[in-house]
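Participant: Before I ask anything, let me first share the structure, which is written out below as structure tokens.
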Amino acid sequence: MRPLHLTESIKNEAYQVGFDLVGISPIGVFPESQFYKEWLLKGHAGEMKYMERNPTKRADVRQIVPDAKSVISCGTNYNTPYPYSTDEDDKMRGWIARYAWGDDYHDLMRARLDKLAGYIREQSPHDVDLRHYVDTGPVLERAYGKYAGIGWIGKNACLINQNIGSWVFIGEIITNLELEYDTPAPDRCGTCTRCIDACPTGALLEPYQLDSRRCISYLTIELKGIIPLELREGIDNNIFGCDICQDVCPWNKKAQITQDDSFAPRTGLYNPELSYLSRLSPDDFRGLFKDSPVKRTKRKGFIRNVLIAMGNSGEKKFLPCVEECLSDREPLIRAHAVWALWRIKGSGAEEVLLDLMVKEPDEGVRNEIEAILNIVGS
Ligand code: SF4
Ligand code: SF4
């Protein structure tokens, strides 16, 4: 089949298998690849060490498929018809990022890419080479998405499509096939700075520059240990990820709604009640988040986040839940329960903190108590 016909049939098939967006870019070392290396050097990836692995492969996919000629970028819309986090302000409830309400998108995206890759093999010469990735591969997927024309990289660092918005998962197929290429999507952010202005932790240092170490998505999902004291207030009630810089984006005002049921919120996960979540046992957590992106934090990381949201609420009604967490077997949970207790009780927590300090077997938790006592005493 000639490149033009093959390209058209691959794109048709991509829509048939369920993708909402598809575009094709040539192989290249784009300016974004250099930017990525600088971003790593500045330490903006925080503890995401996997980002530092294979930076050369990320920058040039010919390290993955040696005679690669094309990258087929595919997008799936995950936007469901529920309000944005910026529309909700119930302090008794937390916020889970929109992408994590339903099933884990990796499985769904992989299944669609598998089908598309199978189709390409059937239609192509026998020496076709293909590799596909969703998130996991060392590919700069947003940059390839941009050069494939499926969206531009916004000042909030997300890929934005002018029809669908930014609620999009991206996956790609790298191949040695020569195909017809799309033109890069133009940047349509213009003079807008709403995402930068709205970011509660100042993680968007300037347009297109995200310091993950300050980003709530990083702090509540990627960071495995204690969340720095000075960043907890900005987390507000976000208990898994953060949607704010996408919620305020004008391109998401009329974002399309997906037809895919897999992304609809599981029962109780849309703007969930914090008290219920703080009491999840290990079995409850496993059951509730089976095949869900939320399981990534494990129970201890998730309840850590819930306790920060409780502390930020200042609600006395949460005290029984927080007190139960003070005796959780996980030191990470106890450490953040101490903070939540102090945030809710204020200086009235001092006596309890001194008592906890004596009984606490874990050094990390004792350090946390000491840090808070120092704030109380200062
Ligand atoms: Fe800021 Fe939240 Fe966007 Fe991260 S996800 S850059 S914290 S608004
Ligand atoms: Fe671009 Fe404005 Fe959207 Fe930010 S909020 S990504 S500046 S359009």
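The values are calculated or read from the model by the stated rules, or taken from the named source; none is laboratory data. Everything quoted here is computed from the prediction, not taken from an experiment. In this analysis, Cβ positions are derived from the backbone assuming ideal geometry, glycine residues included, and neighbour counts consider all displayed protein chains. Surface areas here come from the heavy atoms of the whole protein model, side chains and all, with no ligands, DNA or RNA. Shrake-Rupley method; radii C 1.70, N 1.55, O 1.52, S 1.80 Å.
Participant: Compute the acute angle (0 to 90°) between the alpha-carbon long axis of helix 363-377 and the principal axis of greatest extent of the alpha-carbon atoms of the chain; round to the nearest 10°.
Facilitator: Once rounded, the angle reads 60 degrees.
Participant: Shifting gears a bit: What's the long-distance tail for segment 221-286, i.e. % of Cα pairs beyond 15 Å?
Facilitator: Percentage above 15 Å: 72.
Participant: So what's the gap between the Cα centers of segment 241-270 and segment 331-353, to the nearest angstrom?
Facilitator: 34
Participant: Check the cysteines of the chain one by one and keep only those with no other cysteine Cβ under 4.7 Å from their own.
Facilitator: Cys74, Cys158, Cys189, Cys192, Cys199, Cys215, Cys242, Cys249, Cys321, Cys325
Participant: If you don't mind, another one. How many percent of the accessible area of the chain is carbon or sulfur, using a 1.4 Å probe?
Facilitator: The C+S portion of the solvent-accessible surface of the chain is 49 percent.
Participant: Could you give the accessible area per residue of the chain, probe 1.4 Å, as a whole number in Å²?
Facilitator: Ligands and nucleic acids excluded, the figure is 45 Å² per residue.
Participant: Mind grabbing the base-10 log of I(q)/I(0) for the chain at q = 0.11, 0.15 Å⁻¹? Debye formula, identical points on the C-alpha positions, no solvent, two decimal places.
Facilitator: Per q value, in the given order, log10 I(q)/I(0) is -0.81, -1.30.
Participant: Taking 8 Å as the Cα distance limit and 6 or more residues as the minimum spacing, I'd like the relative contact order of segment 158-222 as a percentage.
Facilitator: Values: 28 pairs, mean separation 9.2, N = 65.
Relative contact order, segment 158-222: 14 percent.
Participant: Would you please report the Å³ per residue occupied by the convex hull of the alpha carbon atoms in segment 131-283?
Facilitator: It comes to 164 Å³ per residue, whole-number rounded.
Participant: How high is the relative contact order of segment 91-230, given as a whole-number percent (alpha carbon pairs under 8 Å, six or more residues apart)?
Facilitator: Averaging sequence separation for qualifying contacts and normalising by length gives 21 percent for segment 91-230.
Participant: For a 27 Å ceiling on Cα separation, which of these pairs sit above it: Lys91/Lys298; Lys11/Lys295; Lys69/Lys155; Lys290/Lys317; Lys42/Lys224; Lys42/Lys298?
Facilitator: Lys11/Lys295; Lys69/Lys155; Lys290/Lys317; Lys42/Lys298
Participant: Calculate how steeply helix 350-359 sits against the longest principal axis of the alpha-carbon atoms of the chain, using the helix alpha-carbon long axis, and give the answer as 0 to 90 degrees to the nearest 10.
Facilitator: For helix 350-359, the angle is close to 80 degrees.
Participant: Quick one: among Asp355, Asp89, Asp284, which has the greatest mean-square fluctuation in a GNM of the chain with alpha-carbon springs under 10 angstrom?
Facilitator: Of Asp355, Asp89, Asp284, the Gaussian network model singles out Asp355 as fluctuating most.
Participant: Only bridges whose two residues both fall in the chain count here: according to DSSP, what percent of them are antiparallel, nearest 5?
Facilitator: Antiparallel bridges: around 90 percent, rounded to the nearest 5.
Participant: Under a point spin-label approximation (7 Å from Cα along Cα-to-Cβ), what is the Thr267-Val358 distance to one decimal in nm?
Facilitator: About 4.6 nm separates the two model spin labels.
Participant: For segment 54-170, what does the equivalent ellipsoid look like in terms of its semi-axes, each the square root of 5 times an eigenvalue of the Cα gyration tensor, given largest first in whole Å?
Facilitator: Details: eigenvalues 201, 53, 35 Å².
Its equivalent ellipsoid spans semi-axes of 32, 16, 13 Å.
Participant: So if I place +1 on the C-beta of Lys and Arg and -1 on the C-beta of Asp and Glu, and nothing else carries charge, what would the dipole magnitude of the chain be about its Cα centre? I want it in debye, nearest 20. All intermediate terms of the calculation are to be shown ahead of the outcome.
Facilitator: Working: 47 positive and 55 negative charges, 39 e Å.
For this selection, approximately 180 debye.
Participant: Then there's this: From largest accessible area down, sort Glu351, Glu178; use a 1.4 Å probe on the protein chains.
Facilitator: On the way: Glu351 150, Glu178 115 Å².
These residues rank, largest area first, as Glu351, Glu178.
Participant: At q = 0.11, 0.14, 0.15 Å⁻¹, what is the log10 ratio I(q)/I(0) for segment 256-333, with the Debye formula run over Cα points and no solvent?
Facilitator: -0.32, -0.50, -0.56
Participant: Any idea what angle helix 331-345 forms with the longest principal axis of the chain, computed on alpha-carbon atoms, 0 to 90 degrees, nearest 10?
Facilitator: For 331-345 against the chain, the angle is about 60 degrees.
Participant: Using a Förster radius of 41 Å, what is the FRET efficiency between Leu41 and Glu233 based on their Cβ-Cβ separation? Nearest 0.05, please.
Facilitator: 0.90
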